[in-house]
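K.L.:
I am attaching a structure below and will ask some questions about it afterwards.
Values in this text are rule-based calculations from the coordinates and carry no lab data. No experiment lies behind these values; they were computed from the predicted model shown. Because the Cβ atoms are built from the backbone with ideal geometry, glycine has one as well, and the counts that use them run over all protein chains shown.
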């Protein structure tokens with residue numbers, strides 16, 4: 001195993017750090033320490049990144065990767081240590097200083113204005129002017145050039161609020177490139193991409209590095225890290241624990257460096273599917289205001305104890321289908337039926353009534369009837385970041401115990417139950433009054449999963465449940481879904497992780513241009529074959 005234990009890098013950037021006769025490192029961090037009240041996020045971090053390489057930083061959620069990158073990007077100031085860029089020590093007071101030094105960052109959670117166009121978001125703060133006014137023609141030309149050059153597929157005039165998660169990420173990448181960054185920090189850049197899109201991104205990264213640009217690549221997908229990166233630095237509990245050569249280090253060895261355990265697997269082949277349906281969709285159609293079908297006559301059944309996986313390239317109607325089931329988007333036609341009997345304490349009653357037509361019900365009524373929801377974007381749809389954990393625990397469940405006490409909120413009971421979720425779901429935080437924004441992405445996700453599981457839903461919609469979490473949190477969420485399935489919960493799983501879809505699902509459906517085009521047996525399909533159905537390169541006689 002080509003990994004070096006210990007603190008990894010040391011030495012000076014332009015003289016001591018780089019080998020004799022070579023150029024200085026593009027980025028060098030020496031002894032970086034960053035403290036927050038009650039927490040040491042980074043301690044004596046050492047990192048050396050060569051110019052023109054893709055350098056991965058891996059570690060569990062909460063290991064300190066994002067804090068470190070925010071420090072490099074000028075969002076935080078280190079309490080100790082020094083930062084060198086191209087051999088020169090720098091002192092960033094803000095991201096503007098980092099941008100001036102040629103550093104750009106694409107955050108895992110996007111920083112875009114929804115009510116602005118793609119063009120307006122990209123040029124914001126760096127507007128080309130002509131006669132004292134925004135030169136839209138020049139901005140549009142440059143954005144189209146960047147989009148074409150790096151296959152970002154962006155229309156400058158699209159509203160960001162109309163874009164899916166993947167397109168939003170591409171806007172962020174274009175925004176960084178527009179500002180002329182030569183060092184790009186990419187935080188979980190493949191989390192929303194299907195295999196062929198990952199291939200395209202990796203090709204783009206190689207083009208960037210061939211031109212002398214440097215990429216710092218943060219990811220939890222260790223197979224991708226080995227495939228695209230030139231060097232790997234492993235961080236555990238806020239400090240550097242080793243360096244690895246992706247050419248000679250296996251995924252299992254990387255996992256052991258990160259968490260001291262083998263890489264988990266989602267696979268489960270013991271059937272728990274029961275006869276009774278918990279969700280039935282009939283002829284579901286969702287239209288745009290112009291009459292274009294986003295969801296086109298979809299029929300789908302999920303049974304108790306069954307995981308139905310829904311595969312599809314982003315933007316093919318999956319998000320709109322979820323919104324329709326949740327009552328967040330009006331239907332042009334069709335019905336939604338749920339086996340949603342509830343007990344007196346608000347939890348789902350497994351012996352409840354037969355399927356009920358909930359098509360006209362409000363979202364709140366659907367939730368109270370036994371519909372659980374893990375949203376694809378936890379920040380936009382699943383959490384109040386500036387609220388404490390106990391408020392996030394009751395979010396969407398405030399009309400039922402333990403939150404409800406008559407017409408009022410029982411704060412003490414909500415805090416107590418939040419502490420239970422923190423224990424049972426390994427949510428690592430000081431306490432229930434901690435603000436959600438202070439948690440790592442994996443801990444935020446585990447809180448949401450714990451919240452939804454605690455309501456014992458009849459049907460759980462799990463949209464990208466492990467997006468942006470580390471392998472430890474991923475394994476924990478997989479086990480929670482498997483246990484819920486074994487106890488009879490129906491699960492509709494939407495994921496961009498094809499191994500996750502294939503491993504967890506009892507049945508696979510493929511969605512393309514708003515229609516269900518194939519029904520597949522996960523035991524007999526590979527990720528490559530599934531990707532072919534998702535793009536239309538393959539067709540199935542068993543089209544749904």
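K.L.:
Among 158, 86, rank each residue by its count of other Cβ atoms within 10 Å, from fewest to most, as a rough exposure measure.
P.N.:
Placing the least packed residue first, the sequence is 158, 86.
K.L.:
Using only helices, what value at 222 nm comes out for the chain when you add -39,500 (n - 2.57) per DSSP H run of length 4 or more and divide by the total residues, to the nearest 500 deg cm²/dmol?
P.N.:
-8500 deg cm²/dmol
K.L.:
Kindly state, to the nearest 0.05, the FRET efficiency for residue 135 paired with residue 521, given R0 = 51 Å and r defined as their beta-carbon distance.
P.N.:
Efficiency, from the Cβ-Cβ distance: 0.40.
K.L.:
Using 0.36 nm times the number of residues separating residue 250 and residue 267, minus their current alpha carbon distance, what extension gain do you get?
P.N.:
Value of the extension gain: 4.1 nm.
K.L.:
Something else about it: Between residue 290 and residue 210, what FRET efficiency comes out of the Förster formula 1/(1 + (r/R0)^6) with R0 = 51 Å and r the beta carbon distance, rounded to 0.05?
P.N.:
For R0 = 51 Å, the calculated efficiency reads 0.75.
K.L.:
Suppose R0 equals 25 Å; then what is the FRET efficiency for residue 426 and residue 380 from their Cβ-Cβ distance, rounded to the nearest 0.05?
P.N.:
0.55
K.L.:
Give the separation of the Cα centroids, the stretch 480-520 to the stretch 272-339, in Å.
P.N.:
13 Å
K.L.:
Distance in nm between label sites at residue 111 and residue 537, each 7 Å beyond Cα in the beta-carbon direction?
P.N.:
Placing both labels 7 Å along Cα→Cβ, they lie 3.6 nm apart.
K.L.:
Moving on to the next point. Could you order peptides 145-154, 368-377 by the average number of other Cβ atoms within 10 Å of their residues, highest first?
P.N.:
368-377, 145-154
K.L.:
Measure off 7 Å from each Cα along the Cα-to-Cβ vector at residue 362 and residue 77, then give the distance between these two points in nanometres to one decimal.
P.N.:
About 4.9 nm separates the two model spin labels.
K.L.:
Fewest first, what order do 322, 437, 58 take by the number of other Cβ atoms within 10 Å?
P.N.:
Ordered by Cβ neighbours within 10 Å, fewest first: 437, 322, 58.
K.L.:
Same structure, new question: Report the gain in length on full extension from residue 333 to residue 275: 0.36 nm times residue separation, minus Cα-Cα distance, nm rounded to one decimal.
P.N.:
18.2 nm
K.L.:
Next question, about the same structure. Pop a pseudo-label 7 angstrom from the Cα along the beta-carbon direction at both residue 411 and residue 127 and give the gap in nm to one decimal.
P.N.:
Result: 4.4 nm between the two label points.
K.L.:
Now for a different question. Could you list 183, 122 so that the one with the fewest beta carbons within 10 Å of its beta carbon is first and the one with the most is last?
P.N.:
The most exposed by this proxy come first: 183, 122.
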